[in-house]
Amino acid sequence: MNVWISTILCLLLAWLIGSVPFSLLIARVFGGFDLRTRGSGNVGATNVARTMGAKWGTAALLLDALKGALPVWGLPLLTGIPVELLEQTRVLTGVAAILGHMFPIWLRFRGGKGVATALGVVVILAPQAMGIALLAFLVTFGLSRIVSLSSMTGAIAFAISEFVFFRTELGQPQHLALQIFSIAVPLLIMIRHWPNIMRLCSGEEKQLVFRKTSAPEIPADAPPIQTDDSDAA
């Protein structure tokens, strides 16, 4: 298969896989409600945890991470990308999966913040920097209980650690795509969190409080609530 065709196929399939709204499906199938009308209204794992509990939130997080990791690992191999182009293609495939989560075709391009899917992508692309980013997230969340702040801290930690500890020579041709990714994706995540940044500055950002029940007891015909889009995943 032609390299260009293989690359385009990778990107298209990654975007479609990234677009699968696992959080929305979990809420619909196991909670019996539309996630977009509950909690923050965001179609991400944090809102699942907020409305259905930690167990379902963790399931949504893992599924969203898998739809980043599996395409990055498998699609370039399945489509026959040459070894010398493997890293670059995996980077592009990861970006496509993240954008799929943020702008899903199945939900009229209104998706989540991309954090969980980005986590899955960097597990494959840069596992060492991902470990530092995850540690930064956990420490920040343990201190603040604010997912958006923790997610942005993790994104910044990933970018810094990737350059300071693991890709010290800027502009290396063989790693240029990954270096651009390490700046562009954290920046994109920060932009997607702009409303959260405004609420953090005004002291209005909410902490994550898990529900004690497995699903909210809300009638199916209840009107949608007003949402604040405060979740991060």
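Could you please tell me which pairs satisfy a Cβ distance under 9 Å, a separation of 6+ or placement on different chains, a first residue in the range 158-169 that is of a type in the set (S, T, N, Q), and a second residue that is assigned to a loop (DSSP other than H, G, I, E, B) and at pLDDT 75 or above?
Going by the 9 Å Cβ cut-off, the qualifying pairs are Ser161/Ala126.
Would you check which residues across the range 103-138 are free of Cβ contacts under 8 Å to residues at least 40 places away in the same chain and within 15 Å of Leu208 (Cβ to Cβ) and list them?
Matches in the range 103-138: Phe137, Leu138.
Give the number of residues within the range 63-79 that are of a type in the set (Phe, Trp, Tyr) and not in a helix (DSSP H, G or I).
0
For the range 115-132, does any single residue satisfy the condition of being surrounded by fewer than 18 Cβ atoms within 10 Å (Cβ to Cβ), among the hydrophobic types (A, V, I, L, M, F, W, C) and farther than 17 Å from Ala233 by Cβ?
Looking for residues that are surrounded by fewer than 18 Cβ atoms within 10 Å (Cβ to Cβ), among the hydrophobic types (A, V, I, L, M, F, W, C) and farther than 17 Å from Ala233 by Cβ, one finds none in the range 115-132, hence no.
Specify the residue that is surrounded by the fewest Cβ atoms within 10 Å (Cβ to Cβ); the eligible residues are those in the range 80-91 that are in contact with a helix residue (DSSP H, G or I) (Cβ under 6 Å, 6 or more places away or on another chain) and part of a helix (DSSP H, G or I).
Filtering first and then ranking leaves Leu86.
Rundown of residues vs (1) under 13 Å from the mean Cα position of the chain (by Cα); (2) at pLDDT below 95; (3) buried (at least 19 other Cβ atoms within 10 Å of the Cβ); (4) not in a helix (DSSP H, G or I), yes/no style:
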residue	(1), (2), (3), (4)
Ala14	no, no, yes, no
Leu25	no, no, no, no
Gly39	no, yes, yes, yes
Asn42	yes, yes, yes, yes
Thr46	yes, yes, yes, no
Thr51	no, yes, yes, no
Trp56	no, no, yes, no
Leu61	yes, no, yes, no
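Test Trp4 against the stated conditions and say whether it is within 18 Å of Arg110 (Cβ to Cβ) and assigned to a helix (DSSP H, G or I).
In short, no.
The values are calculated or read from the model by the stated rules, or taken from the named source; none is laboratory data. Here the structure is a predicted model, which is why all the values come from computation and not from measurement. Quick reminder, even Gly has a Cβ in these numbers, built from the backbone with ideal geometry, and neighbours come from all protein chains shown.
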